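Asker: Before I ask anything, here is the structure I am working with.
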């Protein structure tokens, strides 16, 4: 029965990673891999993130992703887009709402923030116009823990996330661990979950002993969202960890796909 | 294909976890991470023997040396120990190690150059390398790519060990984490190609697709060890990783436990 748990992967990277050929996934290979994952691992839905949006230009990457997800082979693989914050929007903040509506219509269901890498603010005081709009549409944002480590000294700005979550409680905020180990083993995470209702944790690097089960025990299964972090992390292992957890099937299903589907269903654009 | 029932799948394998930690640390809060729960999960997922270095042994000298025997006694027959050599207390640490050996309390020694902020080629390690080589005690060392944000990892660059191995060709050395990150994971293969008494484990979050297959292809499976790094990394990731490898069944069995039985002279 558990073999049939359906997965929704919110953290899948494709495109050209100029730092590594091994982690580069060209369009046709991406389509094949997405189909394969569907058959083998029951990953029936995927939010795809384009390396070009990260390494080259969020705007160009978003345009390319937008074209890609219209194609049949990607539609068949259950693909939607992860939108990257475009620097242009800081220059024309009044146009952000229209851009968001347009991108949403083109199949983008999540906004990824890279404030450290792309040099823009995410703090409450400076990002307010954007949060206002995102909050009004219940549009989710995802931020990597690496991006919150502004100093590079693992001094994660957890309090700022708590402030934003508190002020904009219709806007789901998903934290993902990236390459960092900072999602593991700390009390910041527990406190953040305990003091907010709209913060979610992506699962790929909840690697610690019994960590998935412990979070569910602490705050329920509603706050965890499956992500594979492919190709940096093996999607088989990410799926296997949830399937082989000691959780009941209902909780596994919530984490695997239901929680993210609910977030997307709640978008009111 | 996703592995659906790990527990049943590992039932027929001899699994030896050569890289376990026990006990608390101030920056490692795990609500259910008691020693008994950790051991329970190891056993549930097929581990027949485990070798541990306690966190207290890494972070203290005297305190850890007192705590380790009592933990080993509690799980006798299942749990074995690494003594942690601390180069910052060179003389004292060697004295305690000698005492441990006299009482047959440990099967190996662990060093962690990054934890102790001391290069393995530092003078403080000189007597240690002679000591363990002479007595043929396997040494597990933390190893990592120095080119990462955590600057302390420079002390555990796998290539820092090359001159030591040359000077002590009979030294049985295990490079834990196989170099840890990025291209270093693949560069370490050349070290294994050149030095026949060198081993690796893939403990921790080392889940690079194709990595272990590449090791097996180039140096065979007999110097590859199974380690989880529990409780830092949950055993379910490690087991699923090895069980899903595209390698010969005998190689899988070597990695999961047979190599460790031989290296540490353990009996099932």
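Asker: In peptide B:198-210, how many Cβ atoms from other protein chains are near each Cβ within 10 Å, on average?
Answerer: Across the residues of B:198-210, the mean count of other-chain Cβ atoms within 10 Å is 3.
Asker: Before anything else, pin down the relative contact order of chain A: Cα pairs under 8 Å, at least 6 apart, normalised by residue count, whole percent.
Answerer: 19 percent
Asker: Turning to a different aspect of this structure: Based on DSSP, what percent of beta bridges with both residues in chain A are antiparallel, to the nearest 5?
Answerer: 5 percent
Asker: Under 20 °C and 1.002 mPa s, how fast does the stretch B:92-236 diffuse according to Stokes-Einstein, given a Kirkwood radius computed over C-alpha pairs? Answer in µm²/s, whole number.
Answerer: Stokes-Einstein gives a translational diffusion coefficient of 137 µm²/s.
Asker: What is the extension gain from residue B:78 to residue B:127, computed as 0.36 nm multiplied by their sequence separation minus the C-alpha to C-alpha distance, in nm to one decimal?
Answerer: That pair, residue B:78 and residue B:127, stretches by 14.5 nm at full extension.
Asker: Taking 7 Å along the Cα-to-C-beta vector as the label spot, tell me the residue A:71-residue B:98 distance in nanometres, rounded to one decimal.
Answerer: 7.0 nm
Asker: How do B:170, A:100 rank when sorted from fewest to most other Cβ atoms within 10 Å of their own Cβ?
Answerer: B:170, A:100
Asker: I would also like to ask the following. Over the stretch B:6-263, what relative contact order in percent results from Cα pairs under 8 Å that are six or more residues apart?
Answerer: 20 percent
Asker: If you count the DSSP beta bridges with both ends in the protein assembly as shown, what percent of them are antiparallel, to the nearest 5?
Answerer: So the antiparallel bridges amount to about 0 percent of the total.
Asker: Quick one: A:99, A:13, fewest Cβ neighbours within 10 Å first, how do they rank?
Answerer: Least crowded to most crowded, the residues run A:99, A:13.
Asker: Let me ask something else about it. Can you give the average number of partner chain beta-carbon atoms within 10 Å of each beta-carbon in peptide A:173-185, as a whole number?
Answerer: Per residue, the number of nearby Cβ atoms from other chains is 2 on average.
Asker: Rank the residues B:208, B:66, B:200 as a footprinting-exposure proxy: fewest other Cβ atoms within 10 Å of their Cβ go first.
Answerer: By the 10 Å Cβ count, ascending: B:66, B:208, B:200.
Asker: So, in nm, how far is label residue B:250 from label residue B:187 when the simple model puts each one 7 Å beyond its Cα toward the Cβ?
Answerer: Distance between label points: 3.4 nm.
Asker: Here's another thing I want to ask about it. Where the centre of each part is set by its Cα atoms, how far does the stretch B:174-225 sit from the stretch A:244-269, in angstrom?
Answerer: Taking the Cα centre of the stretch A:244-269 as reference, the centre of the stretch B:174-225 is 37 Å away.
Asker: Please give the FRET efficiency for residue A:132 paired with residue A:155, using the beta carbon to beta carbon distance and R0 = 30 Å, rounded to the nearest 0.05.
Answerer: After rounding, the FRET efficiency stands at 0.60.
Asker: Using the per-residue mean of other Cβ atoms lying within 10 Å as a proxy for protection, in what order, highest first, do the peptides A:189-202, B:251-264 fall?
Answerer: Output ranking for A:189-202, B:251-264: B:251-264, A:189-202.
Asker: Also: Place a label point 7 angstrom from the Cα of residue A:27 along the Cα-to-Cβ direction, then list the residues of the stretch A:100-132 whose backbone nitrogen is under 19 Å away.
Answerer: Under 19 Å, as judged by backbone N against the label point of residue A:27, lie A:106-108 of the stretch A:100-132.
Asker: Could I ask something else about it? Calculate for chain A the 222 nm mean residue ellipticity that helices alone would give, adding -39,500 (n - 2.57) per DSSP H run of length 4 or more and normalising by residue count, nearest 500 deg cm²/dmol.
Answerer: Computed ellipticity for chain A at 222 nm equals -12000 deg cm²/dmol.
Asker: Please report how far the C-alpha centroid of the stretch A:67-95 lies from that of the stretch B:29-82, rounded to the nearest whole angstrom.
Answerer: 49 Å
Asker: Hey, got the average number of other protein chain Cβ atoms within 10 angstrom for residues in B:227-239?
Answerer: Going residue by residue through B:227-239 and averaging, the value is 5.
Asker: Calculate, for residue A:218 and residue A:36, the FRET efficiency according to 1/(1 + (r/R0)^6) with r their C-beta to C-beta distance and R0 41 Å; round to the nearest 0.05.
Answerer: The computed FRET efficiency comes out at 0.70.
Asker: Which value in deg cm²/dmol, rounded to the nearest 500, describes the helix-derived mean residue ellipticity at 222 nm for chain B, given -39,500 (n - 2.57) per DSSP H run of n ≥ 4 and division by the residue count?
Answerer: -10000 deg cm²/dmol
Asker: Expressed in nm², what is the orientationally averaged projection area of the convex hull enclosing the Cα positions of chain B?
Answerer: Result: a mean projected hull area of 13.3 nm².
No lab work stands behind these numbers, since they all come straight from the coordinates. Predicted, not measured: the structure shown is a model, and the values here were computed from it. Quick reminder, even Gly has a Cβ in these numbers, built from the backbone with ideal geometry, and neighbours come from all protein chains shown.
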